[in-house]
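Trainee: Below: one structure in structure tokens.
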4 protein chains.
Amino acid sequence: MANFGGHAIPGSFFLFYGFWLTVKHILHHYWRTNQPKGRQVKPPFLKKMEYFEGGLQIFASFVGMMVEQFVVDGPHAHLYDASTQSWVKLMNWQHCTMYLFFGISGIALVISTSSKLVPVGVDRLALSLALFVEGFLFYYHVHSRPPLDAHIHSLLLVAVFGGSASTMLEVFMRDNIILELLGACLFILQGSWFYQIGFVLYPLRGPQWDLEQHANIMFVTMCFCWHLAVALLLVASTSCVVWFTVNRFGKKGRDIEIGMRKTLSESNSQKALLEESEEE
Amino acid sequence: MANFGGHAIPGSFFLFYGFWLTVKHILHHYWRTNQPKGRQVKPPFLKKMEYFEGGLQIFASFVGMMVEQFVVDGPHAHLYDASTQSWVKLMNWQHCTMYLFFGISGIALVISTSSKLVPVGVDRLALSLALFVEGFLFYYHVHSRPPLDAHIHSLLLVAVFGGSASTMLEVFMRDNIILELLGACLFILQGSWFYQIGFVLYPLRGPQWDLEQHANIMFVTMCFCWHLAVALLLVASTSCVVWFTVNRFGKKGRDIEIGMRKTLSESNSQKALLEESEEE
Amino acid sequence: MANFGGHAIPGSFFLFYGFWLTVKHILHHYWRTNQPKGRQVKPPFLKKMEYFEGGLQIFASFVGMMVEQFVVDGPHAHLYDASTQSWVKLMNWQHCTMYLFFGISGIALVISTSSKLVPVGVDRLALSLALFVEGFLFYYHVHSRPPLDAHIHSLLLVAVFGGSASTMLEVFMRDNIILELLGACLFILQGSWFYQIGFVLYPLRGPQWDLEQHANIMFVTMCFCWHLAVALLLVASTSCVVWFTVNRFGKKGRDIEIGMRKTLSESNSQKALLEESEEE
Amino acid sequence: MANFGGHAIPGSFFLFYGFWLTVKHILHHYWRTNQPKGRQVKPPFLKKMEYFEGGLQIFASFVGMMVEQFVVDGPHAHLYDASTQSWVKLMNWQHCTMYLFFGISGIALVISTSSKLVPVGVDRLALSLALFVEGFLFYYHVHSRPPLDAHIHSLLLVAVFGGSASTMLEVFMRDNIILELLGACLFILQGSWFYQIGFVLYPLRGPQWDLEQHANIMFVTMCFCWHLAVALLLVASTSCVVWFTVNRFGKKGRDIEIGMRKTLSESNSQKALLEESEEE
């Protein structure tokens, strides 16, 4: 999807996902710090958030794959054209592959939230692999393009592989809030950099960028650092807002939560309580 | 062994080994989660599996080395031909070197299973080194080949070095089921990718692949990700099947195990029990 | 700032910062080893040192950014010159970006010292990112220069990325004195190497260096190792001096500290004591 | 020292050091496993071994530096020749720099053995840095040589940087016997590879090797793996011999040790006992 929209759509998703992760992890951190020690059960509202997150990942990946396949100039599920002896629309197939792994990550999240048999950390492993595959395909994607185009995509790889490494670390170091927020920050960075790629390669107005000029490459490198600074700022301020909002409505919050539990059907609520008491 | 069979044989071995590791680790994990805490003795059936695994590794490596040396066009244990002042069949010698290290890994597994004096983790270190040596030799193997040939072999290195790194981590993080299954998954990936290399470079039917065409390289890169997805699926489904099978026959299983112990000669069985009681 | 002064100023800052970190970490280590176990409160004098450190970082970064922007031949806050269709003084903007991240690191240090809500290790993460950004920008900075110039700057990257990695490790391994002193040592190395770059590229007296000669590159590589040896010696001797000074005035030291607490206004002192007793 | 002897001397040292480390670590491991839990004092004989090791490192490094400087065609402590405007014998100076860091490592070992104030792990950090500097200088050393020469030296780097990484890990993971033996194994590999380099580049008898031939490079790569296999075998067999020897003379050994303590002067022995009782 070599146009501005083709970069804005994934960019928006990654931006949204980064903010979502920030909010989720801060809520989880708030819960952890306010629980008595030794009682580290995952709260019900977090489970609901993870079901929603996983479901959305699966849904968005499915839609993404369908769109890539069945747009007007898409491959329509044909991989090899025997008549011309050539592959059909490999770019669309590559994007489908990326979506596939994010879909797998969503499935892993839903299953690991719903079942206690799944070992803790499988969801992070799947997310890390999804980012690895994204970076892996982009790495060979970039080959033989004009310098600025290649450079701006290879900067994206810093965010993608950084995110993959930090998410992989989360498999082994659970509940480390710094690592979790770093991962969220790298998602926001990735999202905003997708927009930047769109603005540079397919400018909405104004002249085209000179893809060969060295000064442009220098500017873009520096601009990546500014995006990182903004991403750090966004994560920090979002975290503060969420923390103090939750803290202010602390007592109310607990009431609401109790209310939420009550609105659940009686059997569900009892099951949840039973599960909690078992885990204690 | 530059033909389809030469890639299918190691591929089959790695596929089988990946499934074997999956089953073994899931059985061990099931045993761990069903034991009372603090009683982390390795069960007798696992010891038997490890003896079998080590023995098979030693046997297969030995056969592999013999075949590489004494096939019709092999080096027949000659390394340097003084008459022509050249090395004899270096490719076969390289394959022998790879088999040698898998043999060493098998020996390390047998010894570390049989003796308590061997520090825990030596078997994983030896396996990690075997994979490292395989990747190391492949890395210089690939030099000065046509682009597609070089690329498809360098993708193999991702699975090989990934497996080496994850197995090395297991030395320090014992009994982490995610790490163990990731290692198994990378073995399956390696095995299926050996088949893919065979299909691409020595197609059984149909036309030859164009080894210079960029689109082929793009397709092969993407195909590697599909293999990874399939490997993940295979590990996940095998794990589920094994877990639920063991769980269903849980009580029976314990009976069978007791039965298996009884079928052992009286002295052996007593020795095993003594060992267990010592370890407790 | 392509002159000797432009390398001496950051060099002096990094040298000073390296020594500062050495002294701070040794004082903290002395405090830790002389506390009864389980009482690992950060002492008040350390908090003051961290406020000073953070404040200085913020101040120096701000001054640095202002100077880079508003020197006579600076960009004066103009980024793009529409008339000539070119970027304005990108080098100055790059230096500003580096200063910006050290400023962010200072802010993170002040906030994490003042508030208990900020997760432990955020200051180290910010410092690690500041070093990463510095190295990242230098990496692309070096492109297409004469060999010796490129080489001497790429050696700097060893110190910068080494420092970034060791500081990142500190996020996860708190209070490891070896890691802390290694980080300090790499700052001193970086500082002294900035001076070396200044001496080589802009010699104050004597002839210019031949930037193409291979022997010069060999010498500079070796010289980097000598700087490392000197940095190790400086950290070791500073640590010894600080440790034995503090130890000799041990009892006096405790009195002084008590005195320092008393000189604080009554309310502050009581608050601090209350905080300590809460944490115990 | 571009001749066979110049590679055999460091090779012999590294081989000896690898065996020494194997013996030392196995003795330490034997002591650890035979002590009651919670009593992890370093035994007196190990302290003596470490004093000897450190002293030898310092002595050998000093001798090495003197020889490199004052051999007939050495630089005689002159670094820059103003008359010809060129550096004097940079190769000798580089070797001196390597020796210097091994000397620093020896000093760190002696000091950290003698004083309890030095944080645990400083000796390993210094050894890791010594290996890093060796590899760092070799890396730029190799530049612009014939292919086989460059390749055989770059294979050495695998052993050197591998040893540096594994020794660095030991700083953080103390008393891990696998890591310690891996480090020893990499020293043996390095030593035997120095000999191999000598045999290939300066053959004692027979024809010169063709430094451009690809088959030679392939053979050398494979040969490196054989050296690794032999190094593993040597470490394993040395460990077995040491372990069973110590075990057989177990009771006698304890008597000998008590005897050794008694032969120490009364005051020393009492001091040692006092130290032990303090640590318990």
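Trainee: Just to be sure I understand, how many residues within segment D:239-264 are at pLDDT 90 or above and either open to solvent by less than 60 Å² (accessible area, probe 1.4 Å) or in contact with a Leu (Cβ under 7 Å, 6 or more places away or on another chain) (or both)?
Mentor: Of the residues in segment D:239-264, 4 are at pLDDT 90 or above and either open to solvent by less than 60 Å² (accessible area, probe 1.4 Å) or in contact with a Leu (Cβ under 7 Å, 6 or more places away or on another chain) (or both).
Trainee: Being within 14 Å of chain C (Cβ to nearest Cβ) and outside any helix (DSSP H, G or I) is the filter here, so list the residues in segment A:12-53 that pass it.
Mentor: If the condition is that a residue be within 14 Å of chain C (Cβ to nearest Cβ) and outside any helix (DSSP H, G or I), then A:34 is the only one that fits.
Trainee: Of the residues A:115, A:128, A:166, which single one is open to solvent by 30 Å² or more (accessible area, probe 1.4 Å) and either at pLDDT below 95 or polar (S, T, N, Q) (or both)?
Mentor: A:115
Trainee: Going by the structure shown, is residue A:129 in contact with a Phe, Trp or Tyr (Cβ under 7 Å, 6 or more places away or on another chain), within 11 Å of another protein chain (Cβ to nearest Cβ) and over 22 Å from residue B:236 (Cα atoms)?
Mentor: no
Trainee: Considering every residue within segment B:210-225, establish whether at least one is closer than 16 Å to residue B:19 by Cβ, in contact (Cβ under 8 Å) with a residue 24 or more places away in the chain and more than 9 Å from chain A (Cβ to nearest Cβ).
Mentor: No - not one qualifying residue is present in segment B:210-225.
Trainee: Follow-up. If you go through segment D:141-163, how many residues are touching a residue at least 24 places away in the same chain (Cβ under 8 Å) and either within 17 Å of residue D:188 (Cα to Cα) or in contact with a Lys or Arg (Cβ under 8 Å, 6 or more places away or on another chain) (or both)?
Mentor: The qualifying residues number 10.
Trainee: Same structure again: Please work out which one of (1) in contact with a helix residue (DSSP H, G or I) (Cβ under 6 Å, 6 or more places away or on another chain); (2) at pLDDT below 95; (3) more than 15 Å from residue B:148 (Cα to Cα) is the condition residue B:218 fails and give its number.
Mentor: (3)
Trainee: Follow-up question, since we're still on this one. Quick check: is even one residue across segment B:169-180 open to solvent by less than 20 Å² (accessible area, probe 1.4 Å), assigned to a helix (DSSP H, G or I), more than 12 Å from every other protein chain (Cβ to nearest Cβ) and within 23 Å of residue B:12 (Cα to Cα)?
Mentor: no
Trainee: Another question, if that's okay. Can you name every residue in segment C:54-90 that is assigned to a helix (DSSP H, G or I) and either open to solvent by 70 Å² or more (accessible area, probe 1.4 Å) or of a type in the set (Val, Ile, Thr) (or both)?
Mentor: C:58, C:59, C:62, C:63, C:66, C:67, C:70, listed by residue number.
Trainee: Still on this structure: Name every residue in segment B:45-100 that is modelled with pLDDT of 90 or more and acidic (Asp, Glu), in order of residue number.
Mentor: B:50, B:53 - these are the residues of segment B:45-100 that are modelled with pLDDT of 90 or more and acidic (Asp, Glu).
Trainee: Among the residues of segment B:140-193, what is the count of those that are over 15 Å from the mean Cα position of the chain (by Cα), within 17 Å of residue B:236 (Cα to Cα) and not hydrophobic (A, V, I, L, M, F, W, C)?
Mentor: The total comes to 1.
Trainee: Failed condition for residue D:107, given (1) away from every other protein chain (no Cβ under 14 Å); (2) open to solvent by 60 Å² or more (accessible area, probe 1.4 Å); (3) assigned to a helix (DSSP H, G or I), with all others met?
Mentor: (1)
Trainee: Right, something else. Going by the conditions given, is residue D:236 within 12 Å of chain B (Cβ to nearest Cβ), crowded, with 16+ Cβ neighbours inside 10 Å and in a helix (DSSP H, G or I)?
Mentor: yes
Trainee: Quick check on my filter: what residues within segment A:1-26 are of a type in the set (Gly, Ala, Ser) and within 19 Å of residue A:149 (Cβ to Cβ)?
Mentor: A:2, A:5, A:6, A:8, A:11
Trainee: Can you pull out the residues in segment B:89-104 that are at the interface with chain D (Cβ under 10 Å from one of its Cβ atoms) and more than 18 Å from residue B:62 (Cβ to Cβ)?
Mentor: Result: B:90, B:91.
Trainee: Being free of Cβ contacts under 8 Å to residues at least 24 places away in the same chain and closer than 22 Å to residue B:128 by Cα narrows it down to one of B:70, B:62, B:102, B:52, so name that one.
Mentor: One residue alone meets the criteria, B:52.
Trainee: Please verify whether residue C:148 is within 14 Å of chain D (Cβ to nearest Cβ), open to solvent by less than 50 Å² (accessible area, probe 1.4 Å) and under 25 Å from residue D:118 (Cα atoms), treating the condition exactly as stated.
Mentor: Here the answer is no, as residue C:148 does not meet what is asked.
Trainee: Take segment B:10-44 and flag every residue that is farther than 18 Å from residue B:123 by Cα, open to solvent by less than 50 Å² (accessible area, probe 1.4 Å) and of a type in the set (Phe, Trp, Tyr).
Mentor: Across segment B:10-44, the qualifying residues are B:30, B:31.
Trainee: Out of (1) within 25 Å of residue D:14 (Cα to Cα); (2) touching a residue at least 60 places away in the same chain (Cβ under 8 Å); (3) part of a loop (DSSP other than H, G, I, E, B), the odd one out for residue D:95 is which?
Mentor: (3)
The values are calculated or read from the model by the stated rules, or taken from the named source; none is laboratory data. What you see is a predicted model, and the numbers here were worked out from it, not measured in a lab. In this analysis, Cβ positions are derived from the backbone assuming ideal geometry, glycine residues included, and neighbour counts consider all displayed protein chains. Quick note on the areas: whole protein, heavy atoms, side chains included, nothing else; ligands and nucleic acids left out. Shrake-Rupley method; radii C 1.70, N 1.55, O 1.52, S 1.80 Å.
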